[in-house]
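Have a look at the structure below, then the notes.
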Amino acid sequence: MHSQKTYTVDEAIKKLEHYCSYQERCHKEVAQKLYTIRMIPEAIDHIVVKLMQDNFLNEERYAKAFVSGKFRIKKWGKQRLTRELKQKDIGKTLITMALQTINDQDYLETFHILAEKKAETIRESNPQKKKKKLADYLLYRGWESHLVYDKVNELF
């Protein structure tokens, strides 16, 4: 039976500093990582505080990076961004701040381009089914329903 490596608090801090500098992380991800390397809850709390003090861990920076990346790359709407951040235990205030970093014009432009590109790829002759497919696609990506239904009716 192989034994899992155990870490001292200082070793765990070094390991997690690297984990956090490679990519922005939220507190929940860091705590989960520490849990998987078998740190006790007291040590986890201590390490999370230390990482925050040394600015390796910053939930505001995390939320902004998350929003910017998922919006730019995956073309997620605000509903999906909010849902995903809530699952990572990010607070309402930080979510609101992060969402405000998206330019309104870019947001709508991205939405229209995404909807029009997707509409062109839907191979469906029945207009109702076509509408439903496009609406489902956009709603799943977290775009607001009023935007989605207006666009679907405009396109088909």
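Where a number appears in this text, it was derived from the coordinates with a stated rule and is not lab data. Since this is a predicted model, take the numbers as computed values, not measurements. When we count neighbours, we look across all protein chains shown, and the Cβ atoms used for this are built from the backbone with ideal geometry, even at glycine.
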Task: Binned Cα-Cα distance frequencies in the chain - 5 Å width, integer % - done: 2, 8, 16, 15, 13, 10, 9, 8, 7, 6, 4, 2, 0
TODO: Give me the compactness ratio for the range 60-99, meaning the Cα radius of gyration over 2.2 N^0.38 Å.
DONE: 0.98
Open item on the list: Taking the Kirkwood radius as the inverse of the mean 1/r across Cα pairs, report the Rg/Rh of the range 8-81.
Closed with: 1.05
Task: Which listed pairs, of Lys50/Lys88; Lys14/Lys70; Lys78/Lys132; Lys50/Lys78, have C-alpha distances above 30 Å, in listed order - done: Lys50/Lys78
Task: Ordering of 31-42, 75-86 by burial proxy (mean other Cβ atoms within 10 Å per residue, highest first) - done: 75-86, 31-42
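Counting alpha carbon pairs within less than 8 Å and at least 6 residues apart, what relative contact order, in whole percent, applies to the chain? Numbers along the way, then the final one.
Working: 124 pairs, mean separation 32.8, N = 156.
Once normalised by length, the contact order is 21 percent.
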